[in-house]
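For reference, the structure discussed in these notes is given below.
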Amino acid sequence: MTERVADSRPFFLITIDTEGDNLWARPREITTRNAEFLPRFQALCERHGFRPTYLVNYEMAISPVFRELGHDLLARRAAEIGMHLHAWNSPPLLPLTGDDLWHQPYLADYPEAVVRAKVEFMTGLLEDTFGAKMTSHRAGRWRLSPAYARSLGACGYLVDCSVTPHVSWRDKKGDPKGRGGSDYSLYPETAYFMNLDDPSRPGDSRLLEVPVTILSSRRPLMRLMPSALRSASFVKRVIDRLLPADWMMPTRYNAHRMPNVLPRALELGHPYVEFIMHSSEFMPGGSPAFFSDAEVERLYERLEQLFEAAARSLRPATLSEYREAFLAAPRSPGAQRAA
């Protein structure tokens, strides 16, 4: 009898921020027509054997079209549904700025009791809607905080993917009086169990952080700069030009660079490659990145090539499946492990 050889290939993680149409335009009325365009993307994933994780926010959780799709995906075990939270329109509503729809405040801008209430509401809504425990999450506008992390832990989340290594969002404001976004410049590049009181550090919580795949050689320079300097808009522009951060995320501008991210990540020995897009980017006019029909068709051509390459070199997993594999992987003596 031939023994089955264990698959030791790295993982391909597909994460989709599943949210309203073109939120970059700060709409006064948030629509969800992009839900109608997701079956085409799901079919692409399934054709290559991949199971995406849809990280769902409030307006999509109440969208009849996405609800129908989500129930089908879960019934077929073709995808995972997790939580994504945009604080400015996710109940319970508490006006924070003069115009929350314009400023789009971060959840971290609110008092901790409100943070917890919003996380609890969204978790309950998703679990009641889809009949499944929510275990995966990504923060709206990439902003984590200790209060946010503690709320995720208290609500039973097991995996987060909010960290964007090499990238600072500090100059991007939510509440104009707030601190701005998170500075992830020096956060770990690959998975670690999070210290809930300091998300930048490994700890003994059950919450596994799975940072987005972003490759850059800028870290030695960033270590020499205080956060305020490396987060300044002018400094960021210079660094981005000289030492770009290459995401596993298609944009209008990175068609010549993004194909190199996968082979470089494999050469560097990354245990996974995490792809990220927004649901609205699959709809013409749903984002500033892919506005026309032709731009969306070119996007799908790029995705076809990427997924073909990924299927040859990587194995599929949702975020929660990756956490299970992470726990099962051999560890060196004394390495951190959480159940």
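The numbers here are math on the coordinates, done by the rules we state, and not lab data. From a predicted model like this one, the values you see are computed outputs, not experimental measurements. We place every Cβ from the backbone using ideal geometry, glycine too, and count neighbours over all the protein chains shown.
Table for the structure above
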| item | result |
| --- | --- |
| Burial ordering of ASP293, ASP246, fewest other beta-carbon atoms within 10 Å first | ASP293, ASP246 |
| Rotationally averaged projected area of the range 1-60 (alpha carbon convex hull; nm²) | 6.2 nm² |
| Mean separation of Cα contacts under 8 Å, 6 or more apart, over the residue count of the range 33-146: relative contact order % | 28 percent |
| Efficiency of FRET from Cβ geometry, ASP204 and ARG298, R₀ 35 Å, rounded to 0.05 | 0.15 |
| Most mobile of ARG206, ARG67, ARG76 in a GNM of the chain (Cα contacts under 10 Å) | ARG76 |
| GNM top mover of VAL65, VAL235, VAL115 - the chain, alpha-carbon springs below 10 Å | VAL235 |
| For GLU209, residues with placed amide H under 5 Å, excluding near neighbours | ASP160, TYR192, PHE193, MET194 |
| Dipole of the chain [Lys/Arg +1, Asp/Glu -1 at C-beta], most positive-end residue of ALA35, ALA310, ALA79 | ALA310 |
| Sorted by Cβ neighbour density within 10 Å, fewest at the top, the residues THR97, THR164 | THR97, THR164 |
| Dimensionless Rg over Rh [the range 1-100; C-alpha; Kirkwood] | 1.12 |
| Expected-Rg normalisation [2.2 N^0.38 Å, Cα atoms] applied to the chain | 0.95 |
| Cα-based reach from LYS118 at 23 Å (exclusive), listing lysines while leaving out same-chain residues under 8 positions away | LYS133, LYS172, LYS173, LYS177 |
| Length-normalised contact order for the range 11-328 - Cα pairs under 8 Å, 6+ apart - percent | 22 percent |
| Helical contribution to [θ] at 222 nm, DSSP H n ≥ 4, -39,500 (n - 2.57), averaged over the chain, rounded to 500 | -10000 deg cm²/dmol |
| Cα coordinate range in the range 204-287, projected on the principal axes (Å, largest first) | 40, 36, 28 |
| Gained length - ARG312 relative to LEU242, 0.36 nm times residue gap less alpha-carbon distance | 22.0 nm |
